[in-house]
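Take this structure first; my questions come after.
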Protein chains: 2
Amino acid sequence: MNDEELKNIVTDLSFWDKLSSREKELFKNNVQKVKYAKGENLHSADNECLGLLLVLTGELRVYILSEDGREVTLYRLSDGDACILSASCILHNITFDVFIDAQSDTEVLLLNISAFSQLTQGNVYVENFALKNTVDRFSDVMWAIEQILFTSFDKRLATFLLDESSKNKSPDIKLTHDQIAKYMGSAREVVSRMLKNFETLGIVNLSRGLIHIVDKDELKKMLKKL
Amino acid sequence: MNDEELKNIVTDLSFWDKLSSREKELFKNNVQKVKYAKGENLHSADNECLGLLLVLTGELRVYILSEDGREVTLYRLSDGDACILSASCILHNITFDVFIDAQSDTEVLLLNISAFSQLTQGNVYVENFALKNTVDRFSDVMWAIEQILFTSFDKRLATFLLDESSKNKSPDIKLTHDQIAKYMGSAREVVSRMLKNFETLGIVNLSRGLIHIVDKDELKKMLKKL
């Protein structure tokens, strides 16, 4: 990684200007670019602690897993986001475990755990950066949890389809029911049943691995229902 | 509040020794004891932001509320705990709202929001204290959420332990957490965490390769919980 590239990245880091020159050197000497293939698992309770990740391109998905294998997505991280839970072993206030997967081909800047640990312990501004980022994710998790606990599933699915469609700028959503279930922390059967229901209502057309939104307005109306 | 009383309380605060004398004065001049009756609501989205609460006696319960009035308890705070979400308005990383009720007659030390805000902005160690406390609560919330989403693992484990104990006619279960996980189709981490939780509740004693059931009745009661 050349100096110019690094400069662009570190300007996003609130603690950069609070680092001593020695600390800046430590940072520079311990970052590397790492690529993860779509679907690859980066972090779980059984893996070693990676370090601080800064997402350059692609997307990471952070989720929890029930004992019977149900996934509940907590949040996603994309370009410019920092991932702290991949370094949770050095934050003693974090006592839970998450899984982190590459949702698409993803490139990150990785500051290894030893250097990140030294910086966090030696510089309160780095520690506060890590903590603030974690509190941001706490807010994301609360949002996800409220969606799961309190929103009826038709609304949640409508929101999901509209979000995906607007993200991809297309009425076609190329995801299987199983994938959607994983993103939504639900079960495939529940997703399939509700999509079938949407199809009967003339809101979507279903084909293998593809959901085509026919009536976007009807989908939006659904969000306003009590 | 006399100086002696205050001294006892502030020794629990990690930032106290990092305050300047001016900041210590600001703190002292802006704290007061406040009493809340059992059932009283201290904080909600509609209330003004109170400030930093330090629980002296009693218990606070922090929960979220669905539109249809369902309550989901996130965590409880008791003697010696600090409550930060009652000052969430000054923490820009917190974007969700909670309710805080006194679960029993409760006395707190309240540092008003204006003073807490000044200290948090002016002193990185006070900010660090607030952030760490919030991340602790994030961990509590994750625990609560896993209990809610992945229901009844506690019941399943209670059933397993009772079955094993009656099969062997002994309160001692000579199995590793890994073995139990395999028998239950779960993961070792999940079993270990729940057993640790049972131990904290005084239901079992754990030692290497051995689980001793201390309170069988409590284990049976668990099966009847909703």
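The values are calculated or read from the model by the stated rules, or taken from the named source; none is laboratory data. This is a predicted model, so every value here is computed, not measured. Cβ atoms come from the backbone with ideal geometry, glycine included; neighbour counts cover every protein chain shown.
Can B:Ser117 be described as more than 13 Å from every other protein chain (Cβ to nearest Cβ), touching a residue at least 12 places away in the same chain (Cβ under 8 Å) and either assigned to a helix (DSSP H, G or I) or on the phi < 0 side of the Ramachandran plot (or both)?
yes
Separate question: For the range A:2-60, name all the residues that are basic (Lys, Arg) and under 21 Å from A:Lys132 (Cα atoms).
Result: A:Lys18, A:Lys24.
I've got another one for you. Is one or more of the residues making up the range A:173-190 in contact (Cβ under 8 Å) with a residue 24 or more places away in the chain, over 18 Å from the mean Cα position of the chain (by Cα), closer than 30 Å to B:Leu74 by Cα and not assigned by TED's automatic domain parsing to the domain that holds A:Gln103?
Checking the range A:173-190: at least one residue is in contact (Cβ under 8 Å) with a residue 24 or more places away in the chain, over 18 Å from the mean Cα position of the chain (by Cα), closer than 30 Å to B:Leu74 by Cα and not assigned by TED's automatic domain parsing to the domain that holds A:Gln103.
Every residue, every condition in (1) assigned to a loop (DSSP other than H, G, I, E, B); (2) closer than 24 Å to A:Asp178 by Cβ; (3) within 15 Å of the chain's Cα centre (by Cα), yes or no:
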| position | (1), (2), (3) |
| --- | --- |
| A:Asp17 | no, no, no |
| A:Leu42 | no, yes, yes |
| A:Cys49 | yes, no, no |
| A:Leu53 | no, no, yes |
| A:Leu60 | no, yes, yes |
| A:Ile94 | yes, no, no |
| A:Asp97 | yes, yes, yes |
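Working carefully through the options A:Val108, A:Val72, A:Val34, find the one that is within 12 Å of the chain's Cα centre (by Cα) and either among the basic types (Lys, Arg) or not in a helix (DSSP H, G or I) (or both).
Just a single option satisfies the conditions, and that option is A:Val72.
Test A:Ile64 against the stated conditions and say whether it is among the aliphatic types (A, V, I, L, M), within 12 Å of chain B (Cβ to nearest Cβ) and in a loop (DSSP other than H, G, I, E, B).
In short, no.
Assess whether A:Thr120 counts as being of a type in the set (Ser, Thr, Tyr) and closer than 30 Å to B:Thr120 by Cβ.
yes
Let me ask another. Only one of B:Thr120, B:Thr134 is among the hydroxyl-bearing types (Ser, Thr, Tyr), out of contact with any Phe, Trp or Tyr (no Cβ under 6 Å at 6 or more places or on another chain), surrounded by 21 or more Cβ atoms within 10 Å (Cβ to Cβ) and within 18 Å of B:Glu23 (Cα to Cα); which?
Being among the hydroxyl-bearing types (Ser, Thr, Tyr), out of contact with any Phe, Trp or Tyr (no Cβ under 6 Å at 6 or more places or on another chain), surrounded by 21 or more Cβ atoms within 10 Å (Cβ to Cβ) and within 18 Å of B:Glu23 (Cα to Cα) holds for just one of B:Thr120, B:Thr134, which is B:Thr120.
Still on this model: Taking A:Lys169, is it among the basic types (Lys, Arg) and either touching a strand residue (DSSP E or B) at 6+ places or on another chain (Cβ under 6 Å) or facing chain B (nearest Cβ under 9 Å) (or both)?
It is false that A:Lys169 is among the basic types (Lys, Arg) and either touching a strand residue (DSSP E or B) at 6+ places or on another chain (Cβ under 6 Å) or facing chain B (nearest Cβ under 9 Å) (or both).
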